[in-house]
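*Asks:* This is the structure I want to talk about, given as structure tokens.
Where a number appears in this text, it was derived from the coordinates with a stated rule and is not lab data. Since we're looking at a predicted model, the values are computed, not measured. As a convention, Cβ positions derive from the backbone with ideal geometry for all residues, glycine included, and neighbour counts pool all protein chains shown.
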Amino acid sequence: MSVFIFTIIVLAGSYLAGLLGSLTGLGGGVVIIPLLTILLKVDIHYAIGASLVSVIATSSGSAAAYVKEGITNIRIGMFLEIATTIGAFFGAVLALYLHASFIAVLFGLILIFSAFMSLKKKDAQVHAPKSLWAEKLKLNGSYPDNGQTVEYGVRKVGGGFLMMLFAGVISGLLGIGSGSLKVVAMDTIMRVPFKVSTTTSNFMIGVTAAASAVVYLQRGYISPGLSMPVVVGVLLGALTGSKILVHTHSSQWLRWVFAVVVTFLAVQMIYNGLHQKA
């Protein structure tokens, strides 16, 4: 395969990754890593390094548009990022003692459960009773939807914070953004509307990925020749996804996209985990 064809394939795949990552709040790594490792036979370390860069690009590209449109809840994002950062630190420590294949299988099962919960969840969250902690921390908010302003109340702030700790641990263990768990924490536990949870997840995952990318950069696992088409493709896809999501009247189809992507990621991780054990 020539360098030109390789670059075109990476660019096209990265565009799709950025589009899905922007719409679902997962980040582009769920598509980038399988694309590079399975289809293009890239070493897993370089694939993760490029994936981390793509997550930063997705977060930067789509988060700016979402913040401008008033959909992202910045206060929720900054508050929950405390939990994910703490969790990522302990996850990195645990990674020294736990086998990666065991964690991969466990995480895959958790993602399948997350996909099921996201489909089971209903969209009628606007009139949910507000939490005392949400009031004190000023986490309740509103977002524009089809020319109207929709107000929502946040519930179970403590439960969402604990789930974010777990998401941070998974991030530290596996080197991924764990955007799926962040979306589930906000959407299912805290009862944040799906549009707000996906956009706020996009706002958050770039911080975690940036910290991890520094480590991979120091170890030489971020290749400019590989990362450049990944960043360009993911950034364009993220910007396209942000425009689609802003003008979407219903979020039900986003839940199906979320479930399909998460299930694909879960099967991939379970397979890789069992393959490593064999």
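*Asks:* So if each residue of separation counts as 0.36 nm, and I subtract the Cα-Cα distance between L162 and K138, what length gain in nm does that give?
*Replies:* My answer for the length gained is 6.8 nm.
*Asks:* Given H placed 1.01 Å from N in the peptide plane, which residues other than close sequence neighbours of V150 have an amide H under 5 Å from its amide H?
*Replies:* So V150 has HN proximity to Y143, D145.
*Asks:* Tell me the label-point distance for the pair I82, V150, using the 7 Å Cα-to-Cβ offset, in nm and rounded to one decimal.
*Replies:* Computed distance between label sites I82 and V150 equals 2.8 nm.
*Asks:* Further question: On a full-extension model of 0.36 nm per residue, what is the gain between L106 and V93, subtracting their alpha-carbon distance, rounded to one decimal in nm?
*Replies:* 2.9 nm
*Asks:* Using each residue's phi in segment 267-275, evaluate 6.51 cos²θ - 1.76 cosθ + 1.60 at θ = phi - 60° and report the 3J(HN,Hα) Karplus result to the nearest Hz, with x for Gly and Pro.
*Replies:* Listing the rounded values in order: 4, 4, 5, 5, 4, 5, x, 5, 5 Hz.
*Asks:* Can you give the FRET efficiency to the nearest 0.05 for I8 and V214, using r as the Cβ-Cβ distance and R₀ = 35 Å?
*Replies:* Step by step, r from the Cβ atoms, then E = 0.75.
*Asks:* Related question: Which FRET efficiency value, to the nearest 0.05, is calculated for V267 and K68 with the Förster distance at 45 angstrom and r the Cβ-Cβ distance?
*Replies:* According to the calculation, E is roughly 0.80.
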